[in-house]
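Notes follow the structure.
The values are calculated or read from the model by the stated rules, or taken from the named source; none is laboratory data. None of the values given here were measured: they were computed from a predicted structure. No Cβ is skipped: glycine too gets one built from the backbone with ideal geometry, and neighbour counts run over all protein chains shown.
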Amino acid sequence: MSAEVQCPAGCGLMNYKTKRNMKIRVFDPLGYAMMIVGIPFIAAPDNLPFEFFTSNLIVNGGIGVGLLLLGARRASLVTTDLRCNTCNGVILESKSIDQKLKGDLLGLSENKAEYIRTALSSSTEESEHACPDCGEKMRHIRVPIEDGEHRSNPIAPDIVEDIQNLTTVSRTVEIDGCKGCDMLWFKKAKWEKLLSKDSTIILKK
Ligand SMILES: [Zn+2]
Ligand SMILES: [Zn+2]
């Protein structure tokens, strides 16, 4: 794609925004190590399984929280996406689709990219907008998803989640896209955020 991309809704130029996605895990060995080391500090701050210079509960608890937060931050995905400041729409280009929706190497999160690309190429519903890159009409798809995120989940991992125990919310995310240019347009930024989260799964028919 060219450096300058027009908003499909006709607002004008879109801007590249680099963002850290805390809800999307990437494999970062040091990040995971920090989270793992942080857990005993929180779980048993007065009885650490190793020698530590202080046995102060508050200090140790604080160190644990700090390690978890830093680890979770390291092991989260950073992407650069196009955002329209006027209508708040978001474009995911090919690279971002792979990064955000393809799942991870360990197979802990679903490959949503494949489903969406297939749905897009078989969709016969025309979008109301044209692709900002090639000028062809985009296609429209509706993706039924389930957001299975815990209400509160202080000990970070999406890693240890048990799908059965989650409170789930079903909804539909609407996407326009151009299969030729491999690009997706989300009229609402929150739809993109929702779809990209590791805890969101697509409800396949
Ligand atoms: Zn716009
Ligand atoms: Zn196109």
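When each of LYS190, LYS205 is tested for being at pLDDT below 95, farther than 15 Å from ARG117 by Cβ and within 16 Å of ligand 1 (Cβ to nearest atom), the lone residue that passes is LYS190.
Selection of first residues in the stretch 37-57 that are assigned to a helix (DSSP H, G or I) and of second residues that are β-branched (Val, Ile, Thr), restricted to Cβ pairs under 7 Å at least 6 apart or on distinct chains, gives the following pairs, ordered by first then second residue: ILE39/ILE155; PHE41/ILE63; ILE42/VAL65.
Here GLU125 meets the list (1) at pLDDT 95 or above; (2) under 16 Å from the mean Cα position of the chain (by Cα); (3) more than 16 Å from ligand 1 (Cβ to nearest atom) almost entirely, failing just condition (2). Just name the residue that is farthest from ligand 1 (Cβ to nearest atom) out of those in the stretch 128-142 that are exposed (fewer than 13 other Cβ atoms within 10 Å of the Cβ) and assigned to a strand (DSSP E or B). The qualifying residue farthest from ligand 1 (Cβ to nearest atom) is ARG142.
Cβ-Cβ contacts under 8 Å between residues 6 or more apart (or on different chains), taken from a first residue in the stretch 95-120 that is more than 16 Å from LYS23 (Cβ to Cβ) to a second residue that is exposed (fewer than 14 other Cβ atoms within 10 Å of the Cβ) and at pLDDT below 90, are listed as LEU105/PHE27; LEU106/PHE27; TYR115/LYS204.
When the stretch 66-93 is limited to residues that are more than 16 Å from ligand 1 (Cβ to nearest atom) and surrounded by fewer than 14 Cβ atoms within 10 Å (Cβ to Cβ), the one that is nearest to CYS11 (Cα to Cα) turns out to be THR80.
Taking the stated definitions as given, is LEU69 under 21 Å from SER199 (Cα atoms) and in a helix (DSSP H, G or I)?
Numbers: under 21 Å from SER199 (Cα atoms): yes; in a helix (DSSP H, G or I): yes.
Taking the combined requirement at face value, the residue satisfies it.
Taking the stretch 2-36 as the range and being assigned to a strand (DSSP E or B) and away from ligand 1 (no atom under 16 Å from the Cβ) as the test, the residues that pass are THR18, LYS19, ARG20, ASN21, MET22, LYS23, ILE24, ARG25.
Taken over the stretch 14-69, the residue count meeting the criterion of being closer than 25 Å to GLU110 by Cβ and of a type in the set (Phe, Trp, Tyr) is 2.
Tally the residues that are basic (Lys, Arg) and within 16 Å of ligand 2 (Cβ to nearest atom), restricting the search to the stretch 67-111.
Just the residues of the stretch 67-111 that are basic (Lys, Arg), to begin with: 73-74, 83, 95, 100, 102.
Among the residues that remain, those that are also within 16 Å of ligand 2 (Cβ to nearest atom) are: 95.
Total meeting the criteria: 1.
For the stretch 78-85, check the following and say yes or no: at least one residue is under 20 Å from TRP191 (Cβ atoms) and among the hydrophobic types (A, V, I, L, M, F, W, C). Yes.
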